[in-house]
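Read-outs throughout are calculated quantities, based only on the coordinates presented, and are distinct from any laboratory measurement. Please read all numbers here as calculations on a predicted model, not as lab measurements. Cβ: placed from backbone, ideal geometry, glycine included. Neighbour counts: every protein chain shown.
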């Protein structure tokens, strides 16, 4: 463990212990702005020299958290994406089934569980900043109780996934395959219930290394066993489920052993009946957090559902889900900044350093934007090569190729948003941001995309956040008639007005 990770308050501005606020006596950790500013808060920035000096100091603190957090987020997200890559080489139906299960069924549960777990980010972060380490373990146990109870309810969505998908209009073949996979994925749901509170508990203490190492090892093992079970042994969807479940539970077990082994000091002193106290207040904050993040995650789910209503649904779902995978990988980088800035904001506010917290927001938002620009440029450079990594179908590859310019633009635009959500989590503003998300995503974004895509026939469009609409153009001819027996008049197509993009190859 590094010296920074081993120190008592590695990322807080220096402060005297005499100024600790009593968080347990406050009605809300961050409901009031009328707290006494600590003398160790940064001074007001009045010159360029001051700005760059503080920028360098804050960047070091941010990257100490964001580096491992980005790596962890990428590894965890890649578990499902790697499964999808191998499913694409097993068959088109298998790829569509994994895509729908990952994006719709598991995506629905993932958003709820991660969102509810984010309440712990606010509470643990501010408690740690205030020096009340003993409350961190209590908060984590409360979160476990709430998330396990939620998982028991969500389990029925997994069990009845097939009829639910058919009811909302999905292809019968895809729905049945995705429903079968969903039942096998129930253990992953309960892994979510344990691993998300564990992650927030460790993040609040800046113990990111164990999460990064665990996720990296899980990804390596996951890749090997996915290839072995799905491709070499021919287990197909069952093999995909077995490996995914095992990978998530591997991370849970290792992190539990780390916490129970005493690595967290005063933050974990064993199970306590105090976890059952004040549950209602914790539930309210958990629901507010869940609503805020679910409105974002369900946007992805809506994309896959809308694609399933199109003609040639398998190709539409496959191509769109590949784009969402790429976008998801880049958003995972932003989620690393999300985790880092939520820790910085909550720690500094808990320590009564509001100016430091505000400046941390500026540094994180600017850094995440330029990272998004960098990743978009990489995607453009390799747009001819990467579609083949996800599917052997030439139809699917062509759709992904033509979506790339808009996908790159979406990456740049959307990379800052998770960072700003992290600010809201750190400050305890989840309920307010939920209202903003409702307006931006569902009252403006989705209706505009449906109107433009279906009513006006504008085809593939990027909406306010990350909404693509794939349409079926029966008159497009993207392939030579001899390309693997495809009928050119029936190839799934997309409209990209005025882009001048032609068929790949």
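Overview of results
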| item | result |
| --- | --- |
| Hydrodynamic radius by Kirkwood, which averages 1/r over all alpha carbon pairs of the range 47-490, in angstrom | 22.4 Å |
| Highest to lowest packing among 251-261, 112-122, 161-171, 181-191, scored as the average C-beta count within 10 Å | 112-122, 181-191, 161-171, 251-261 |
| Ranking of 61, 49, 180 by count of other Cβ atoms within 10 Å, fewest first | 49, 180, 61 |
| Centroid-to-centroid separation of the range 423-439 and the range 232-275 [C-alpha atoms, Å] | 29 Å |
